[in-house]
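Each remark here refers to the structure printed beneath this line.
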Amino acid sequence: MRVVIDYDLCESNAICMQIAPDVFEVRDDDFLYVLNETPGEDRRASLDEAVQRCPKQAIRVED
Amino acid sequence: MSDEMPVRDSVTIVGASLAGLRAAETLRRDGFPGRITLIGDEPHAPYDRPPLSKQLLAGDWEVDRISLSPTERMSGLDLDMRLGQRATALDVSAHTIDIEGVAEGYDCLLIATGARCRTLPGTEGLAGVHTLRTLDDSIAIRDALRSGPRRVVVVGAGFIGAEVAATAVGYGAPVTMVEALPVPMGRVLGDTVGDVVAGVHVDNGVDLRCGVGVDEVCGAGRVESVRLSDGTVVEADLVVVGIGVIPNTDWLDGSGLTVDDGVLCDETCLAAPDVTAAGDVARWPNPRYGEVMRVEHWDNAVEQGAHAARRLTLSDEEAEPFSPVPWFWSDQYDRKVQLAGRPRPDDEVSVVDGSFEERRFAAIYGRDGRLTAVFGMNRPRQVMQYKGLLERGASWSEALEFAEDQI
Ligand SMILES: Cc1cc2nc3c(=O)[nH]c(=O)nc-3n(C[C@H](O)[C@H](O)[C@H](O)COP(=O)(O)OP(=O)(O)OC[C@H]3O[C@@H](n4cnc5c(N)ncnc54)[C@H](O)[C@@H]3O)c2cc1C
Ligand code: SF4
């Protein structure tokens, strides 16, 4: 599983960080950092939720 | 199909927007094998509303960027989409729904008909007066703003009004914003934080008039001015009214459902056997707050849409209450504003990061020893951290300790 962010869309509101803090982090510079671009299959439910709840539709999960 | 999912042949969803679409996606993701029908009265394919007052209104985005249903997302969902069709009646005891006046049966029903704008009495048919809820509304206001420098009056300094004012300023238009409350959003944020929000508008050149109402919108056929309750008259070419919404429940008269400022549900989002509701139209007792609420935020439509969809596939014993911490964001000028929780205007407020002067801060709200809310201006990371504390039911002192640790 690969996490892809469209940084043109992302507005760093950190929803994804709250859902999967092991994968996403918005730092004090207000930018989103992906901590783990290839999370394990056990993280799929959380990542699906992050995709759903990102208000900017900026997250894609590729298999 | 998993064992715990009782066999239901089909789900009918009314309202083809955020809550309805996310409900459909959830059902499919969970493996629901039956037919899913999505009925919506707008002619457009589902689209996202927040950009209507922001990027789309500003002309930064074109319509194709606000789709909620891009092909890659819809493929595989196998939805029976019936766009441009209105549900006109419901009978929950007979399990029938009328679409454009024609009755048909349903197995399970999810109501996600959202809300529409309140209007100012006496402005019907007056050109140049708008509300903002739909794509067509946004395009009409955008076209008016594009057609040259216009004197804009925004009625209501809630989040939609504030965003419209900010976007209109971006067009170089002179903007007057009229708010009946003494402090914009004072009833939600309290006066201290509300004043900071007001300050951002004033800094950006908005003529903000608080504590006054609108007595009359004047003009012959087309708006010319707005007369305020303090007697002043503000000239206007374009008026945008943002004074709240009314849930779309008219079609539910005589349905057997309880309708009271929204479709009244139980804690699990169930409104009647085999009927749930979600999003702006739903009212339910949130056990986290012991309060019956209706939430008009994007994230709530997503989460409640998913919850209400799953509820339809669960027995009463399996069903769980829906108990979110409400959360929303708003973009105004170069400020990103976010609020999580349920503050009250007289809650204690403590700035835990940044400062009001910088217009970049996070402030927490507390009452009776509990953390009740967090408000942030250009502080998304902090808002989400405190939202986590809110979800855990943190005490006020825990939140203050957490703040200490961050320094
Ligand atoms: C301009 C604007 C900006 C916003 N910005 C933000 C923001 O920045 N942050 C935030 O958190 N929230 C924001 N929101 C709020 C957010 O968009 C809403 O909470 C969300 O759209 C609610 O989704 P919903 O599906 O419940 O209802 P809606 O989006 O209202 O959709 C309901 C749908 O049902 C249809 N319908 C109604 N009656 C019938 C019927 N009888 N038969 C068939 N179809 C029917 C309607 O036409 C509509 O398409 C904004 C809203 C607007 C209007
Ligand atoms: S939720 Fe979406 S917009 Fe927000 S930080 Fe994550 S990717 Fe960016």
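Taken together, the values in this text are just the output of simple stated rules run on the coordinates, not laboratory data. Predicted, not measured: the structure shown is a model, and the values here were computed from it. Cβ: placed from backbone, ideal geometry, glycine included. Neighbour counts: every protein chain shown.
From the list B:SER93, B:SER75, exactly one residue is away from ligand 1 (no atom under 14 Å from the Cβ), touching a residue at least 60 places away in the same chain (Cβ under 8 Å) and hydroxyl-bearing (Ser, Thr, Tyr). Which is it?
Matching residue, one of B:SER93, B:SER75: B:SER93.
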Query raised in the report: Of the residues A:ASP30, A:ASP8, which is surrounded by fewer than 17 Cβ atoms within 10 Å (Cβ to Cβ), within 11 Å of another protein chain (Cβ to nearest Cβ) and on the phi < 0 side of the Ramachandran plot?
Result: A:ASP8
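The rows are residues; the columns are (1) free of Cβ contacts under 8 Å to residues at least 24 places away in the same chain; (2) small (Gly, Ala, Ser).
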{"site": "A:VAL4", "(1), (2)": "no, no"}
{"site": "A:GLU11", "(1), (2)": "no, no"}
{"site": "A:ILE15", "(1), (2)": "no, no"}
{"site": "A:PHE24", "(1), (2)": "no, no"}
{"site": "A:ARG27", "(1), (2)": "yes, no"}
{"site": "A:GLY40", "(1), (2)": "no, yes"}
{"site": "A:VAL51", "(1), (2)": "yes, no"}
{"site": "A:PRO55", "(1), (2)": "no, no"}
{"site": "A:ILE59", "(1), (2)": "no, no"}
**Report entry** Residue tally, condition away from chain A (no Cβ under 14 Å) and assigned to a loop (DSSP other than H, G, I, E, B), over region B:269-290
**Finding:** 7
Query raised in the report: Tally time: how many residues in region B:21-57 are more than 14 Å from chain A (Cβ to nearest Cβ) and either aromatic (Phe, Trp, Tyr) or in contact with a helix residue (DSSP H, G or I) (Cβ under 8 Å, 6 or more places away or on another chain) (or both)?
Result: 7
**Report entry** Elements of type strands (runs of 3 or more DSSP E) in region B:291-360, at least 2 residues being within 11 Å of chain A (Cβ to nearest Cβ) and within 13 Å of the chain's Cα centre (by Cα)
**Finding:** B:327-332
Query raised in the report: Would it be correct to say that B:ALA112 is within 14 Å of chain A (Cβ to nearest Cβ), buried (at least 21 other Cβ atoms within 10 Å of the Cβ) and either within 13 Å of ligand 1 (Cβ to nearest atom) or without any contact (Cβ under 8 Å) to a residue 12 or more places away in the chain (or both)?
Result: no
